[in-house]
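Each reported figure results from applying straightforward, stated rules to the coordinates on display, with no laboratory input. Just so we're clear, the structure is a prediction, and the values are computed from it rather than from any experiment. Reconstructed Cβ throughout: ideal geometry from the backbone, glycine too, with neighbour counts over all protein chains shown.
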2 protein chains.
Amino acid sequence: MAGKVKTRDRILETALALFNEEGEAQVSTVDIAGVMEISPGNLYYHFRGKEAIIEALFDNFEEEMRLVLTAPINRPLAIEDNWVFVYIVFEEINDFRFFYYALSSILERCPDLRPRMTRLLKLKQETANAVLKTLEKEKLVAFGKGEREALAMRLAAHLTFWLQYRGLTAPSNDERAHINSGVYATMMQITPYVRENRETYAAMLAEYFSSLDK
Amino acid sequence: MAGKVKTRDRILETALALFNEEGEAQVSTVDIAGVMEISPGNLYYHFRGKEAIIEALFDNFEEEMRLVLTAPINRPLAIEDNWVFVYIVFEEINDFRFFYYALSSILERCPDLRPRMTRLLKLKQETANAVLKTLEKEKLVAFGKGEREALAMRLAAHLTFWLQYRGLTAPSNDERAHINSGVYATMMQITPYVRENRETYAAMLAEYFSSLDK
């Protein structure tokens, strides 16, 4: 049976791909079964409706996201890893973007997910705060009163909604370009607090990202 | 007939209030007619379905938002008016928040609104850029290469999604508190570029807003 993926996992993979591509509202369980060439009854044996699939997908997403977000809280990132870290967070969100795009509609139908989503967003704020604290301790950035906490909260909101914002303002760009622009916009929020040569640093970033699609 | 509001306008007012309070997905045209104590047929005479109501509400919102957003492009704001201006933008968005909360679902059902929403977001970026240019010209702030444009884009995204973010991370706070926190987070994004005494300025803001609910 080597290489054989379980039906349950295949349902989740197929649903995730369809939700992301076509929007969750456009996709029914019958569509998912159809694409997989299994009977709706077989799908129903694994999941009693679309909300059960969404909840199982959220379980996976939450687990991965918690792993990613707690890493820099448990052990400070090396400076050169911050950039990569922001890419990873955006990529996780992008892999699960249907959820963010249909957020209020899904939370109305799956009310159990609301407090879990709230906790995940708060963890995002804590992680941002921990990363900024490390940069501060290493004397790369300096914050005045209240500045670090305010920036951490803004970064968490930025990570949460940027892909959707770019999907609306630059609809012809692809996912990769949206992620690049999100990482750029993240770094540019931190540069103003760099203690030395902040303008050089900002110019370097602008230069680097102007060579990428965004 | 003095003081008598037309049925069409009353439908729009009632729908807006219900959509904002209960979420657009939860409210049907029959609900709206019920609250108004008119027949569904009378409502149907004015609007052929919920999407027609949403589009008429968007017409109103778009008109008001354009008026607000073009003001600082046509004539620079006085420094002391910037703060008030940010409040006004957040209040407009809050008055129409159901639309932002159900954005992707509404844009799927009302595809004509998508390009209009895109244009409105771009106008928001232009306005933010114009306001920052004025602050720069008056030598209150200084930007390095690429910094002003990046900040303008982030501010537009921030104005668009902040209320939703706070609705999720601070669900027990009221609308007024969400707006206060949004204005604070806006100002705190500009202070790092203040040329002189930026930390004093940030501390003043932190002080002022700590006295408000947020």
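Counting neighbouring beta carbons within 10 Å and listing from fewest to most, the residues B:Met153, B:Met65 come out as B:Met65, B:Met153. Sorted shortest first, the separations between the B:Glu196 label point and its copies elsewhere in the assembly read 2.7 nm; each point sits 7 Å from Cα along the Cα-to-Cβ line. Net length available on complete extension from A:Asn42 to A:Trp83 is 10.4 nm, with 0.36 nm assigned per residue and the Cα-Cα distance removed. Run the paramagnetic zone check for A:Asn60: 7 angstrom along Cα to Cβ, then residues of the stretch A:12-35 with backbone nitrogen under 11 Å. Only A:12-18 fall inside the zone, counting backbone N under 11 Å.
Determine the relative contact order of the stretch A:57-210: mean sequence separation of Cα pairs under 8 Å and six or more apart, normalised by residue count, in whole percent. Could the numbers behind the result be given before it?
Working: 112 pairs, mean separation 42.3, N = 154.
RCO, the stretch A:57-210: 27 percent.
Which FRET efficiency value, to the nearest 0.05, is calculated for A:Asp112 and B:Asp112 with the Förster distance at 30 angstrom and r the Cβ-Cβ distance?
Values: r = 35 Å, r/R0 = 1.17.
Efficiency computed from Cβ-Cβ geometry: 0.30.
If a spin label sat at a point 7 angstrom from the Cα of A:Glu51 along the line to its beta carbon, the backbone N atoms of the stretch A:8-26 nearer than 20 Å would be those of A:12, A:15-16, A:19, A:24-26.
With its label point put 7 Å out from Cα toward Cβ, B:Pro115 sits 4.7 nm from the same residue's point in the other copies, in order from shortest. Shape summary of the stretch B:101-214, radius of gyration then Dmax from alpha carbon positions: 16.3, 50 Å.
Most exposed first by the Cβ proxy, i.e. fewest other Cβ within 10 Å, how do A:His46, B:His158 rank? Walk me through the intermediate numbers first.
Values: A:His46 17, B:His158 23.
Neighbour counts put them in this order, fewest first: A:His46, B:His158.
Dimensions of the protein assembly as shown based on its C-alpha atoms, expressed as ranges along the principal axes with the largest first, amount to 80, 62, 39 Å. In the assembly of identical copies, A:Val30 has its label point, taken 7 Å from Cα in the direction of the beta carbon, separated from the corresponding points by 2.2 nm (ascending, one decimal). Restricting the GluC sites (Glu not before Pro) of the stretch A:66-108 to loop positions (DSSP other than H, G, I, E, B) with no more than 13 neighbouring Cβ atoms within 10 Å leaves nothing.
In chain A, the calculated helix contribution to ellipticity at 222 nm averages -24000 deg cm²/dmol per residue, counting -39,500 (n - 2.57) for every DSSP H run with n ≥ 4.
Can you tell me the length gained on complete extension of the stretch A:Met204 to A:Glu138, counting 0.36 nm per residue apart and subtracting the Cα distance? Before the final figure, lay out each step's value.
On the way: separation 66, 0.36 × 66 = 23.76 nm, distance 2.07 nm.
Value of the extension gain: 21.7 nm.
Quick note on chain B: its Rg to Rh ratio, both from C-alpha atoms and Rh being the Kirkwood radius, is 1.03. Peptide A:152-163 has a mean of 4 when you count, residue by residue, the C-beta atoms of other protein chains within 10 Å of its C-beta.
Would you mind ranking B:Asp9, A:Asp95 so that the residue whose beta carbon has the fewest other beta carbons within 10 Å leads the list?
Values: B:Asp9 12, A:Asp95 15.
Fewest to most other Cβ atoms nearby, the residues stand as B:Asp9, A:Asp95.
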